[in-house]
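> Sharing a structure with you now.
Coordinate-derived values only; no laboratory data. Bear in mind that the values here come from a model prediction, so they are computed numbers and not experimental data. Here the Cβ positions follow ideal geometry from the backbone for every residue, glycine too, while neighbour counts run over all protein chains shown.
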Ligand code: NAD
């Protein structure tokens, strides 16, 4: 199998250098990193592999551009983001194809990511002009209190591979809207979409140095140097809780402001009064979109014992209809996992659950190569305490656990160190309200299987992270608050 001519032309159009100070440059050690198609294992493209020194050069450029960008009128910053949104719409088919090629998700899902990811450009284009402070008389009447907001300064943005466009725009758009300059480090497995996006932002006339991109296989070395630099004012990271902890320790040395979008272990609770068809629709979305490789993926299906068998049967029917394959092929319902290592990790969790008594209703095996595929899987009777219930599965495996009472459902749902999102299916209004109050989570979907929206604050509690992206809150991650007292009496 080879790439098609359209794919080859698209790949050739993606910049392959580091984007530093408005110029595309080679890595200083002249090394490159290889980007592969996870559905075929074929090499897609080679791009620059930055050294820590290159990372510092990117930060130099962001620092040099910082004062002028902060002083640029919010309307101008907003209009640049809006132009980028418009250009992205014109190029959306190319971006979707690029996402599918490097990350693997089926094309319709990639188109969905382009729509979602693009919205951050539009939303924060609109928010750029709505940043305001407060003004008021102090309590003893002797002065005026002025609270104003300023851009925090140069930011370092690190993104994961599972949503290569949306994870980038969710950080870049609010940072730029707020008046911050940025250095972006995309995941080494999927850097092409970010490089393409940088090309679009360059095309709409973003000033040099405002956006800098470094691609590297040395994420740890490059990041450590940048984070240690006192000129950096903010770190925003999306990725695993494990790496988030490392970065928070590094950030402590300079008391660096951080936002952390980390892992999840979402419960998906189905009560006996749920609309089961709706619950199965929601489950398909929450679990099998992106082949389960989402921080918001449902990890544990907690189902009332009176409906568990029926739910498992209906879910298994729908799951067995998902055809695995390369995401560019029509009719493919589920793409590959990102690497063979990811397939090994998922299989190991499934085998461990089965060895402790779980039953496979459908799936449960790797799919023969080429490519990194795992069968969409449903497991029932997963024993409490199984590793698969405690870890992010990050693969297309639904685990079903039964409960009998609402109290037990809440206890099981909250029995995790994570708290990113929870899904609840019930037709009972009062029960829905009780669950909103009881679940320890940053986000919740009531009778739906997906909650993400550029207009809403995305983020977690507990070890799922700190801070929010999107919504009214998103831009405040990139603003600092200054208070001034003006003596009047
Ligand atoms: P990861 O933590 O391995 O990598 C994320 C990013 O960090 C990548 O760019 C990687 O190159 C970089 N990185 C890795 N080690 C580093 C180090 N020592 N120092 C600095 N940077 C380093 O995660 P991943 O496998 O790319 O993504 C999957 C994880 O991301 C899952 O845990 C998922 O839940 C999480 N995620 C969270 C959200 C959210 O919004 N909460 C969204 C998507 C993904």
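> Any chance you could check the Cα centroid distance between segment 306-385 and segment 429-470 for me, in angstrom?
Here the two parts' Cα centres lie 26 Å apart.
> Take every DSSP beta bridge with both residues inside the chain and express the antiparallel ones as a percent of the total, to the nearest 5.
Working: 30 of 66 bridges.
Of the beta bridges lying entirely in the chain, close to 45 percent run antiparallel.
> By its C-alpha gyration tensor, with a ≥ b ≥ c as the square roots of the eigenvalues, how is segment 198-342 shaped: rounded for a/c under 1.5, else prolate for a/b larger than b/c, else oblate? Provide the component values of the computation, followed by the final result.
Details: a/c = 2.83, a/b = 1.87, b/c = 1.51.
It comes out prolate by the Cα gyration axes.
> Below 8 Å between Cα atoms, with a sequence gap of 6+, how large is the relative contact order for segment 1-127 in percent? Could the numbers behind the result be given before it?
Details: 126 pairs, mean separation 29.0, N = 127.
Relative contact order of segment 1-127: 23 percent.
> Here is a follow-up. For the chain, take the longest principal axis of its alpha carbons; what is the angle in degrees between that and the long axis of helix 340-355, to the nearest 10 within 0 to 90?
With both axes taken from Cα atoms, the answer is about 40 degrees.
> Quick one: compute the contact order of the chain, relative version, from alpha carbon pairs under 8 angstrom and 6+ residues apart, as a percent. Display every interim value, and only then the final one.
Numbers: 1149 pairs, mean separation 90.0, N = 489.
Relative contact order for the chain comes out at 18 percent.
> For helix 429-438, report the angle its Cα long axis makes with the longest principal axis of the Cα atoms of the chain; keep it between 0 and 90° and round to the nearest 10°.
In the chain, helix 429-438 runs at an angle near 60 degrees to the longest axis.
> Among the DSSP beta bridges whose two residues both lie in segment 114-197, what percent are antiparallel, rounded to the nearest 5?
Values: 4 of 8 bridges.
So the antiparallel bridges amount to about 50 percent of the total.
> Using the Cα gyration tensor of segment 16-132, with a ≥ b ≥ c the square roots of its eigenvalues, what is the shape: rounded (a/c below 1.5), prolate (a/b larger than b/c) or oblate (neither)? List each step's numbers first, then the result.
On the way: a/c = 3.05, a/b = 1.15, b/c = 2.66.
Taking the square roots of the gyration eigenvalues as a ≥ b ≥ c, segment 16-132 is oblate.
> What is the percent of Cα-Cα separations in the chain that go past 33 Å? Please list the in-between numbers first.
On the way: 46925 of 119316 pairs.
Value for the chain (Cα pairs over 33 Å): 39 percent.
> Against the globular-protein guess of 2.2 N^0.38 Å, express the Cα radius of gyration of segment 153-270 as a ratio, rounded to two decimals.
Details: Rg = 14.4 Å, N = 118, 2.2 N^0.38 = 13.5 Å.
Ratio of Cα Rg to 2.2 N^0.38 Å: 1.07.
> So, by mean Cβ neighbours within 10 angstrom, what's the order for 437-445, 170-178 with the highest one leading?
Most protected by this proxy first, the peptides run 170-178, 437-445.
> For the chain, what does the helix formula give at 222 nm: sum of -39500 (n - 2.57) over DSSP H segments with n ≥ 4, over the residue count, nearest 500 deg cm²/dmol? Please report the intermediate quantities before stating the final value.
Details: 15 runs with 185 residues, N = 489.
Helix-only estimate at 222 nm: -12000 deg cm²/dmol.
> Among 23, 122, what is the fewest-to-most ranking by other Cβ atoms within 10 Å?
23, 122
> Next question, about the same structure. For a quick protection proxy, order the peptides 333-339, 36-42 by their average other-Cβ count within 10 Å, most packed first.
Numbers: 333-339: 24.3, 36-42: 21.0.
Ranked by mean Cβ neighbours within 10 Å, highest first: 333-339, 36-42.
> Can you give the % of DSSP beta bridges in segment 64-217 that are antiparallel, to the nearest 5? Kindly include the intermediate steps, with their values, before the conclusion.
Working: 4 of 11 bridges.
Percent antiparallel among DSSP bridges in segment 64-217 is about 35.
> OK, next. Specify the angular offset, from 0 to 90 degrees and rounded to the nearest 10, of the alpha carbon long axis of helix 219-228 from the longest principal axis of the alpha carbons in the chain.
With both axes taken from Cα atoms, the answer is about 40 degrees.
> With a ≥ b ≥ c taken as the square roots of the eigenvalues of the C-alpha gyration tensor of segment 319-385, please select rounded if a/c is under 1.5 and otherwise prolate if a/b is larger than b/c or oblate if it is not? Mind dumping the intermediate values first?
Working: a/c = 3.15, a/b = 1.70, b/c = 1.85.
It comes out oblate by the Cα gyration axes.
> Taking the mean number of other Cβ atoms within 10 Å as a proxy for protection, how do you rank 103-114, 198-209, 375-386 from highest to lowest? Provide the component values of the computation, followed by the final result.
Values: 103-114: 23.7, 198-209: 17.6, 375-386: 20.1.
In decreasing order of mean packing, 103-114, 198-209, 375-386 become 103-114, 375-386, 198-209.
> What is the distance in Å between the Cα centroid of segment 209-271 and that of segment 119-153?
Centre-to-centre (Cα) distance: 26 Å.
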